Every structure is written in C-alpha cells, then in structure tokens.
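Just below is one structure, and these are the notes that go with it.
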Amino acid sequence: MPHKPPTQEELEKRKIVGVNFETVTDVSSTDFPGHYPGEDHAWDIERFKKGFSVEFHQNDPYEASFSLIGCDASIANAFRRIMIADVPTLAIENVFIWNNTSVIQDEVLAHRLGLIPFTGGREGLHEFLKWFEKPAEGEQPNCTDYNTVELSLDIKCEDNDDADSKETDPTKLYHHAHVYAKDIVFKPIGRQEQYFSGENIIRPVNPDILIAKLRPGQQISLTMHMHKGVGSDHAKFSPVATASYRIMPTITITQPILGRDAEKFQKCFPKGVIGLEKVTAKEAAQKGSGYRGHEGELKAVVVDPKRDTVSREVLRHEEFKDKVKLGRRRDHFIYLVESTGQWESDAIFLESVSHLKAKAKSLEQQLVNMVR
Amino acid sequence: MSGQDYEAPSGAFSQRDDATAGSGAMIYRCGDCAVRVPLEKGAPIRCQKCGARVLYKERTKRMVQFEAR
Ligand SMILES: [Zn+2]
C-alpha cells in the first residue's frame with residue numbers, strides 16, 4: 001500500500017496533547033525517525049529553521065516572558081536548567097567576622113549575607129571578573145582584583161538622644177536598630193575602580209533587605225569576599241528568582257455556545273481567555289452552523305488561550321462537556337524568566353543558548369577524541 | 001588584595017583587656033546589669049556593682065571566618 005503523506009490538519013493534530021476530564025493523552029512527541037512508516041522525520045537544520053520561531057510577550061529587566069515555538073521539550077528544558085544552574089553570578093562567598101554581638105548567630109548571619117543579590121557594572125561583572133580558583137587544602141587563596149570583590153559591613157547600634165521620651169519605635173529610639181543591605185559598603189581594589197564606579201558601583205539590588213536587628217551597645221563588624229559561582233554549586237549564585245515554562249494551552253469550541261451559557265462558559269476560564277461576541281447576520285444565515293436564528297445573541301469565542309491555567313473546570317459542567325476540546329501544544333513553550341538583577345532577564349536566556357552551544361561543542365570534541 | 005590579610009593571628013591568644021593587661025584580670029559581663037567586671041584569678045564570681053552571680057565571658061576578639069552558605 002503506497003504511503004499517503006499527512007495533511008496539514010493531521011500534522012497539527014500530532015502536536016496536541018489531549019486534556020480530558022480525567023485523563024491526559026498523547027503525552028510523548030512522535031516526530032522522530034521510524035514512528036510513522038514512510039515518513040522522513042530525521043532531524044534537519046533547514047526544516048528546524050523553517051518551523052521554529054521566538055515571540056516576546058514581555059521584556060523588562062527583572063521579568064521577561066517569551067515563547068519558543070517549534071522545538072522539542074528536551075531543548076526547552078535544557079535552556080531552563082542552564083538558566084537556573086549554569087549562568088554565573090557574583091555572590092558573597094566568605095565572611096570574616098571581626099565582631100558580632102547581635103542576637104543573630106555568626107553562621108546564620110553569614111548565610112543571610114550570602115543570599116543577598118548584588119548588581120553592578122555589566123561589563124565589569126561579565127567581562128572583567130573571572131573565576132576564583134579554590135585553593136587546595138593548606139594553600140593560601142589567590143585573591144586578586146579580577147576574581148574577588150571586597151565588601152564591608154560596620155555598624156553599631158546606639159541610643160538616639162533626640163528621640164521623644166514616649167517613643168516606642170526601636171528605629172526611632174536608636175540609631176541603626178535595623179541593619180539593611182544598603183549598609184554594606186563596596187571596597188574597590190586595583191582595576192575595579194574603573195569598572196565599578198558611579199552608577200556601576202557594586203550594590204545590593206534591593207537596598208531594603210533586612211539583615212539583622214540590633215539594640216544599643218550591639219555591633220556587627222565584618223568584611224566579605226564575593227566570588228563568581230554557578231547555581232549548581234549553590235542557589236545564591238542562580239541569576240534567576242525563577243525560570244520556568246508552561247506548554248501552550250489550546251481550547252477548541254466544537255459546537256456553538258450561546259447566550260447565558262456563553263457567559264457561564266467564560267467564567268470557567270481565567271479572565272481574558274474567553275470573549276463574548278455577537279452572532280453576525282452572515283453566520284446566522286449559514287446552514288448547519290448552529291447559529292441559525294440566533295443573530296445578535298452572544299457567542300463564546302477563544303480570545304487568548306495563553307492565559308488559561310488548564311484547570312479543566314469547564315469539563316465539570318454537563319452542558320459544555322461535548323462542546324469544547326482542551327489540549328496543549330507540545331512544541332510551544334511559554335517561558336517566564338525573573339532576573340535577580342545581575343543580568344537583564346533576556347540576556348540570561350541568550351547566555352543559556354550560548355552555554356548549550358558550548359556544551360555541544362565540547363561534547364563533539366570528546367566524541368572526536370573517542371574515535372581517534 | 002591578598003588572603004593573607006585574613007589569616008588568624010598566630011600564637012597564644014589572650015582575652016585580657018588592654019587596661020588590665022599584666023594584672024591577670026579577665027573581663028566578664030554581668031548577666032543582670034551588663035556592667036564590665038574584671039576578675040582576678042580565684043576571686044569570687046560576683047558582679048561588683050549589683051552582686052549578681054551570673055557572669056558572661058566576652059566574645060573572642062579574633063576574626064572568625066565563615067562560608068556564606
Ligand atoms: Zn551586675
């Protein structure tokens with residue numbers, strides 16, 4: 001029997017994961033060689049280029065949302081994992097405590113300091129600063145201006161003599177009752193001055209992070225060393241608050257939903273997913289469309305399936321069960337990347353792409369060495 | 001910058017305060033009134049101001065290094 005090439009409709013259907021009342025169908029992708037007899041599904045760069053696209057929904061420094069359309073889940077997930085665990089940032093790594101008479105213990109204080117996100121001049125952070133080599137046991141660390149950034153925190157709580165006698169607020173009664181991230185001072189060394197001065201100074205992204213609370217007589221005096229690191233070593237090095245993706249939901253209305261039903265249908269989805277439109281005269285005149293004699297009534301239409309959470313609420317209602325088909329597009333990934341401030345959100349994604357490329361190149365080299 | 005700056009001071013460490021150095025007195029803090037209490041060896045453990053018998057040793061003046069993780 002000669003093989004019939006799949007229709008466009010069939011090709012689209014293959015990309016859809018079925019979301020039913022209690023089950024999920026067609027979870028795995030099938031576009032690999034040997035699955036469909038007589039069809040060539042060998043991976044091809046030209047075919048990939050033709051079917052692939054990127055679409056930005058939002059692009060702010062601290063939050064970016066975009067879609068990768070036409071790529072496999074393995075690639076999409078690789079980007080996500082690289083963004084979280086492999087894109088380097090600068091974070092506090094060593095804390096040298098000279099004095100700490102506050103109620104917060106030294107090790108807890110050091111841990112808190114490590115988690116504070118810092119930012120500074122992009123060129124200095126990404127180009128000038130290099131990796132810090134951890135010294136071997138018993139060796140002296142090699143701290144220089146291109147691999148270590150020094151910070152200090154020197155603060156003492158004292159009585160505020162100008163405070164009202166009836167005052168009960170500790171922040172008004174005492175000076176420095178609260179220690180904030182903005183109290184940390186950057187100490188430039190060597191060439192750091194030219195990369196991290198003025199608006200490029202190394203500083204906490206959020207100056208109002210509370211580090212400790214003090215009472216009169218208590219003080220904290222410490223210096224800190226920052227190094228570059230990656231999220232796979234410790235979460236404090238991760239450049240993202242989170243990087244995640246969702247798979248594009250699809251909603252297909254198979255039979256007309258009209259009037260009060262349409263309003264109820266709309267309420268089964270998050271805001272903005274379903275819209276209400278008037279049935280046009282043309283639709284009402286069409287035979288077998290289901291709109292006959294309903295001109296001017298409201299009908300439910302899908303406006304923005306991207307906003308759907310796929311709660312399946314609609315399938316719980318008897319009247320909608322057979323009028324709608326829910327699904328997800330397996331090759332459409334909607335990313336949400338939230339930067340912690342050291343990188344622009346979109347730059348984190350671009351960096352993850354070049355990381356994956358570098359990983360593939362090094363794997364290729366190892367394969368070449370293997371067969372040699 | 002060098003890591004050597006942060007090497008802990010070597011040799012025997014003394015908790016004696018500058019003012020009382022040589023006299024053999026150790027500085028403590030009163031648990032009740034927080035006053036500084038210098039104590040000689042063998043002296044009764046007692047605050048000289050309020051008479052409280054709970055005294056606290058002062059924190060080390062040595063640098064302590066921690067990993068921020
Ligand atoms: Zn006392």
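The values are calculated or read from the model by the stated rules, or taken from the named source; none is laboratory data. Treat the numbers as computed from the prediction; the structure is a model and nothing was measured. As a convention, Cβ positions derive from the backbone with ideal geometry for all residues, glycine included, and neighbour counts pool all protein chains shown.
Some points to look at:
- For segment A:74-127, a residue qualifies if it is facing another protein chain (nearest Cβ under 9 Å) and of a type in the set (Lys, Arg), and exactly one does: A:Arg112.
- The sole residue among A:Lys13, A:Lys50 that is loosely packed, with under 12 Cβ neighbours inside 10 Å and more than 30 Å from A:Met226 (Cα to Cα) is A:Lys50.
- Test: A:Ala212 is buried (at least 21 other Cβ atoms within 10 Å of the Cβ) and among the small types (Gly, Ala, Ser): yes
- Residue among A:Ile45, A:Ile104, A:Ile16 that alone is under 30 Å from B:Glu58 (Cα atoms) and not assigned by TED's automatic domain parsing to the domain that holds A:Glu338: A:Ile104
- Subset of segment A:235-251 (residues that are surrounded by fewer than 17 Cβ atoms within 10 Å (Cβ to Cβ) and assigned to a helix (DSSP H, G or I)): A:Ala235
- Of the helices (runs of 4 or more DSSP H) lying entirely inside segment A:36-123, not one contains at least 3 residues that are free of Cβ contacts under 8 Å to residues at least 12 places away in the same chain and in contact with a Ser or Thr (Cβ under 9 Å, 6 or more places away or on another chain).
- Applying the criterion of being out of contact with any strand residue (DSSP E or B) (no Cβ under 7 Å at 6 or more places or on another chain) and within 30 Å of B:Arg59 (Cβ to Cβ) to the residues of segment A:216-234, the residue that is surrounded by the most Cβ atoms within 10 Å (Cβ to Cβ) is A:Gln218.
- Taken residue by residue, segment A:23-42 has at least one member that is of a type in the set (Phe, Trp, Tyr), over 20 Å from the mean Cα position of the chain (by Cα) and outside the structural domain of A:Leu125 (by TED's automatic domain parsing).
- Looking only at residues of segment B:37-67 that are more than 9 Å from the ligand (Cβ to nearest atom) and small (Gly, Ala, Ser), we find that the one that is surrounded by the most Cβ atoms within 10 Å (Cβ to Cβ) is B:Ala43.
- Residue match in segment A:116-134 (condition: farther than 23 Å from A:Gly341 by Cα, crowded, with 18+ Cβ neighbours inside 10 Å and out of contact with any Lys or Arg (no Cβ under 9 Å at 6 or more places or on another chain)): no
- Single residue of segment A:286-315 satisfying the filter (touching a residue at least 24 places away in the same chain (Cβ under 8 Å) and more than 17 Å from A:Val273 (Cα to Cα)) that is surrounded by the most Cβ atoms within 10 Å (Cβ to Cβ): A:Tyr291
- Selection from segment A:76-107 of residues that are closer than 19 Å to A:Leu151 by Cα and surrounded by fewer than 20 Cβ atoms within 10 Å (Cβ to Cβ): A:Phe96, A:Trp98, A:Asn99, A:Asp106, A:Glu107
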